[in-house]
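Data block below; observations after.
The values are calculated or read from the model by the stated rules, or taken from the named source; none is laboratory data. Everything numeric in this text was worked out from a predicted model, so none of it was measured. Every residue, glycine as well, gets a Cβ built from its backbone with ideal geometry; the counts of neighbours run over all protein chains shown.
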Amino acid sequence: MPQTVVVGLDGSDESVRALRWAANQVKEVGGIVHAVMVWHQPVQFGYRLPTPDTELEQRARKSLDAAVDRIKGEFPSVDLRSRLIRGHVVDEMVGLSKQADLLVVGNKGHGAFTGMMVGSVALKLVHHAACPVVVVR
(Lines give C-alpha, C1' and ligand atoms only; values in the text may rest on other atoms or scores of the structure.)
Protein backbone atom coordinates (compact mmCIF):
# COMPACT_ATOMS: atom_id res chain seq x y z
CA MET A 1 0.00 0.00 0.00
CA PRO A 2 1.45 3.42 -0.91
CA GLN A 3 2.63 5.63 1.90
CA THR A 4 0.75 8.90 2.52
CA VAL A 5 3.13 11.61 3.71
CA VAL A 6 1.83 15.02 4.81
CA VAL A 7 4.32 17.89 4.91
CA GLY A 8 3.63 21.18 6.68
CA LEU A 9 4.95 24.17 4.73
CA ASP A 10 5.22 27.80 5.82
CA GLY A 11 7.49 29.35 3.20
CA SER A 12 10.67 28.94 5.25
CA ASP A 13 13.83 27.21 4.04
CA GLU A 14 13.33 24.67 6.84
CA SER A 15 9.92 23.69 5.52
CA VAL A 16 11.31 23.32 1.99
CA ARG A 17 13.98 21.00 3.44
CA ALA A 18 11.17 19.00 5.07
CA LEU A 19 9.40 18.73 1.71
CA ARG A 20 12.63 17.61 0.04
CA TRP A 21 13.15 14.97 2.76
CA ALA A 22 9.60 13.69 2.29
CA ALA A 23 9.93 13.57 -1.51
CA ASN A 24 13.14 11.56 -1.16
CA GLN A 25 11.44 9.19 1.31
CA VAL A 26 8.50 8.60 -1.05
CA LYS A 27 10.89 8.15 -3.97
CA GLU A 28 12.48 5.29 -2.01
CA VAL A 29 9.37 3.60 -0.59
CA GLY A 30 6.53 4.73 -2.87
CA GLY A 31 3.47 6.80 -2.08
CA ILE A 32 2.14 10.32 -2.25
CA VAL A 33 3.44 13.54 -0.73
CA HIS A 34 0.80 16.08 0.30
CA ALA A 35 2.41 19.51 0.69
CA VAL A 36 0.11 21.51 2.98
CA MET A 37 0.18 25.17 3.89
CA VAL A 38 -2.22 26.46 6.52
CA TRP A 39 -2.95 30.18 6.57
CA HIS A 40 -5.01 32.38 8.83
CA GLN A 41 -5.83 36.02 9.50
CA PRO A 42 -3.46 37.06 12.32
CA VAL A 43 -4.93 38.75 15.35
CA GLN A 44 -2.99 41.10 17.62
CA PHE A 45 -4.37 42.54 20.83
CA GLY A 46 -7.79 41.17 19.90
CA TYR A 47 -7.93 43.01 16.56
CA ARG A 48 -7.61 41.61 13.06
CA LEU A 49 -4.77 43.12 11.12
CA PRO A 50 -5.73 45.24 8.09
CA THR A 51 -4.41 42.82 5.45
CA PRO A 52 -7.35 41.49 3.39
CA ASP A 53 -7.98 37.73 3.48
CA THR A 54 -7.62 37.53 -0.30
CA GLU A 55 -4.10 38.98 -0.10
CA LEU A 56 -3.07 36.59 2.70
CA GLU A 57 -4.46 33.65 0.75
CA GLN A 58 -2.66 34.77 -2.45
CA ARG A 59 0.65 35.11 -0.57
CA ALA A 60 0.23 31.66 0.92
CA ARG A 61 -0.67 30.15 -2.48
CA LYS A 62 2.37 31.78 -4.12
CA SER A 63 4.68 30.49 -1.38
CA LEU A 64 3.19 26.98 -1.51
CA ASP A 65 3.40 26.82 -5.31
CA ALA A 66 7.04 28.01 -5.28
CA ALA A 67 8.08 25.30 -2.80
CA VAL A 68 6.16 22.54 -4.59
CA ASP A 69 7.46 23.56 -8.03
CA ARG A 70 11.02 23.58 -6.71
CA ILE A 71 10.79 20.09 -5.23
CA LYS A 72 8.83 18.70 -8.21
CA GLY A 73 11.77 19.82 -10.35
CA GLU A 74 14.15 17.83 -8.13
CA PHE A 75 11.87 14.76 -7.86
CA PRO A 76 9.87 14.60 -11.11
CA SER A 77 8.79 10.97 -10.54
CA VAL A 78 7.25 11.63 -7.10
CA ASP A 79 3.48 12.15 -6.82
CA LEU A 80 3.51 15.55 -5.09
CA ARG A 81 0.21 17.32 -4.44
CA SER A 82 -0.39 20.70 -2.84
CA ARG A 83 -3.19 21.86 -0.58
CA LEU A 84 -3.89 25.30 0.86
CA ILE A 85 -6.07 25.37 3.98
CA ARG A 86 -7.43 28.25 6.03
CA GLY A 87 -7.39 27.43 9.73
CA HIS A 88 -5.25 26.91 12.82
CA VAL A 89 -2.03 25.14 11.87
CA VAL A 90 -1.85 22.65 14.75
CA ASP A 91 -5.54 21.69 14.51
CA GLU A 92 -5.40 21.26 10.74
CA MET A 93 -2.16 19.27 10.74
CA VAL A 94 -3.35 17.00 13.56
CA GLY A 95 -6.57 16.41 11.61
CA LEU A 96 -4.61 15.51 8.47
CA SER A 97 -2.35 13.19 10.47
CA LYS A 98 -5.35 10.90 11.03
CA GLN A 99 -5.26 9.99 7.32
CA ALA A 100 -1.46 9.96 6.97
CA ASP A 101 1.28 7.41 7.51
CA LEU A 102 3.82 10.13 8.29
CA LEU A 103 3.77 13.85 9.12
CA VAL A 104 6.88 15.87 8.24
CA VAL A 105 7.72 19.42 9.38
CA GLY A 106 10.77 21.66 9.54
CA ASN A 107 12.40 22.38 12.88
CA LYS A 108 11.61 26.09 12.77
CA GLY A 109 9.93 28.53 10.48
CA HIS A 110 7.84 31.66 10.23
CA GLY A 111 4.30 32.71 9.56
CA ALA A 112 1.91 30.28 11.21
CA PHE A 113 4.95 28.29 12.37
CA THR A 114 6.65 31.25 14.13
CA GLY A 115 9.59 30.10 16.23
CA MET A 116 9.05 26.52 15.21
CA MET A 117 11.63 24.57 17.13
CA VAL A 118 11.09 21.35 18.95
CA GLY A 119 9.24 22.98 21.82
CA SER A 120 6.52 24.91 20.00
CA VAL A 121 4.39 23.90 17.00
CA ALA A 122 6.58 20.90 16.15
CA LEU A 123 6.37 19.65 19.72
CA LYS A 124 2.58 20.02 19.74
CA LEU A 125 2.42 17.99 16.53
CA VAL A 126 4.74 15.32 17.94
CA HIS A 127 2.45 14.97 20.97
CA HIS A 128 -0.94 15.18 19.23
CA ALA A 129 -0.51 13.74 15.73
CA ALA A 130 -2.20 10.43 15.01
CA CYS A 131 0.82 9.18 13.02
CA PRO A 132 4.61 9.30 13.38
CA VAL A 133 6.15 12.78 13.00
CA VAL A 134 9.54 13.60 11.46
CA VAL A 135 11.07 16.96 12.36
CA VAL A 136 13.66 17.80 9.69
CA ARG A 137 16.60 19.91 10.86
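Yes or no, residue by residue, for (1) in contact with a helix residue (DSSP H, G or I) (Cβ under 9 Å, 6 or more places away or on another chain); (2) acidic (D, E); (3) closer than 28 Å to H127 by Cβ; (4) surrounded by 14 or more Cβ atoms within 10 Å (Cβ to Cβ):
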residue: V7; (1), (2), (3), (4): yes, no, yes, yes
residue: A23; (1), (2), (3), (4): yes, no, yes, yes
residue: G30; (1), (2), (3), (4): no, no, no, no
residue: E55; (1), (2), (3), (4): no, yes, no, no
residue: S77; (1), (2), (3), (4): yes, no, no, no
residue: Q99; (1), (2), (3), (4): no, no, yes, no
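Can R59 be described as among the basic types (K, R), under 25 Å from K124 (Cβ atoms) and part of a helix (DSSP H, G or I)? Steps first, please.
Working: among the basic types (K, R): yes; under 25 Å from K124 (Cβ atoms): yes; part of a helix (DSSP H, G or I): yes.
The answer is yes for R59.
Sort through G11, G31 and tell me the only one that's at positive phi and over 12 Å from the mean Cα position of the chain (by Cα).
Checking each option against the conditions leaves just G31.
Here is a check on your reading of the model: is L49 farther than 19 Å from V136 by Cβ and modelled with pLDDT under 95? Even if it seems obvious, please write down each step before you answer.
Values: farther than 19 Å from V136 by Cβ: yes; modelled with pLDDT under 95: yes.
Yes: the conditions hold for L49.
The conditions are (1) crowded, with 16+ Cβ neighbours inside 10 Å; (2) part of a strand (DSSP E or B), and A67 fails exactly one of them. Which is it?
A67 satisfies every listed condition except (2).
May I ask you to list the residues in the range 86-132 that are at pLDDT below 95, over 13 Å from the mean Cα position of the chain (by Cα) and either assigned to a loop (DSSP other than H, G, I, E, B) or aromatic (F, W, Y) (or both)?
Within the range 86-132, G115, M117, V118, G119, S120 meet the criteria.
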